[in-house]
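The values are calculated or read from the model by the stated rules, or taken from the named source; none is laboratory data. From a predicted model like this one, the values you see are computed outputs, not experimental measurements. Cβ coordinates were reconstructed from backbone atoms using ideal geometry, including for glycine residues, and neighbour counts include every protein chain displayed.
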């Protein structure tokens, strides 16, 4: 298999350098001829390659037939993501994908230094990635110039609405130029998402790449019925049995995270935690410990772990049952 010839040459070279021999279903779908210049409403799950997908989808809009982008100034594209970790992950992905086009990226995420972000925006950027609240703040303060935007992407839109960002999203979209592309990516399309699309998109093309039947087909699921009093021992035994490279253990509350991580630490496991009370610096350090091998186990709440990207993750344990089916 080879990559489609319709992909701009600089992006093709970036994909090949990353080992891409073919595209995922969602990546192929968003670069079909009928999608060019269109607003898109895309159903795609985490892990389907959607970051590269929307990077490819907006390439003709940003490059306009050229191989190189113009000098950076007011941003041409804005990507909105629900969490800091996901926003930073998206920025990393788009940076390598657009590296040969001369693209400059910038971020606007909660928990990071606003002055540093403002200076980066003042220097100019082609693509800005951020979280709703911080992006709205930059717009309100005049730090984020929306006048040149050609494309706005909402990544994991359903998560953003679940987290209460609807008002921020509406503010950001209303501040964007009327003549722009709006790409909305969401695992599901419930009524609130459909209403958002109807309000801020123009004749959006609907793409459903969420139920191909092969998504996560390589994951093996096991249910272990254990008494509540034996749950922690069951987690410990599971960790000892599998000896995985990287593991995430989900607990339902911050207190449960603290308690379970202490138990695991006392048993000699290298453990970090993720919960809502951590500062951005603490979260970043915890994730870096997992990436560089200083820790092998991350105990987290499901909300705190949204959007994180860990290599070599081969075991996930739910110490508590998830709060919802998703």
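Residue-by-condition table, conditions (1) within 22 Å of residue 70 (Cβ to Cβ); (2) surrounded by 15 or more Cβ atoms within 10 Å (Cβ to Cβ):
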{"site": "87", "(1), (2)": "no, yes"}
{"site": "104", "(1), (2)": "yes, yes"}
{"site": "116", "(1), (2)": "no, no"}
{"site": "126", "(1), (2)": "yes, yes"}
{"site": "136", "(1), (2)": "no, yes"}
{"site": "144", "(1), (2)": "yes, yes"}
{"site": "148", "(1), (2)": "yes, no"}
{"site": "152", "(1), (2)": "yes, yes"}
- Write out, first by first residue and then by second, each pair whose Cβ atoms fall under 6 Å of each other, whose residues are 6+ apart or on separate chains, and whose first residue, in segment 108-126, is within 19 Å of residue 153 (Cβ to Cβ) while the second is modelled with pLDDT of 95 or more and in a helix (DSSP H, G or I). 108/117; 108/134; 108/135; 108/138; 109/134; 110/133; 110/134
- Item | residue 195 vs. criteria closer than 29 Å to residue 24 by Cα, under 18 Å from the mean Cα position of the chain (by Cα), assigned to a helix (DSSP H, G or I) and in the same structural domain as residue 50 (by TED's automatic domain parsing) | no
- Note on the structure: Of the listed residues (226, 257), the one being buried (at least 18 other Cβ atoms within 10 Å of the Cβ), modelled with pLDDT of 85 or more and either over 23 Å from residue 85 (Cβ atoms) or outside the structural domain of residue 82 (by TED's automatic domain parsing) (or both) is 257
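Rundown of residues vs (1) within 20 Å of residue 280 (Cα to Cα); (2) at pLDDT 95 or above, yes/no style:
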| residue | (1), (2) |
| --- | --- |
| 72 | no, yes |
| 75 | no, yes |
| 82 | yes, no |
| 98 | no, yes |
| 126 | no, yes |
| 132 | yes, yes |
| 139 | no, yes |
- Item | Whichever residue in segment 90-104 is in a helix (DSSP H, G or I) and within 17 Å of residue 117 (Cβ to Cβ) and, among such residues, is nearest to the chain's Cα centre (by Cα) | 90
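Residue-by-condition table, conditions (1) buried (at least 17 other Cβ atoms within 10 Å of the Cβ); (2) outside any loop (DSSP other than H, G, I, E, B); (3) at pLDDT 90 or above:
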residue	(1), (2), (3)
214	no, no, no
221	no, no, no
249	yes, yes, yes
261	yes, yes, yes
269	yes, no, yes
282	no, yes, no
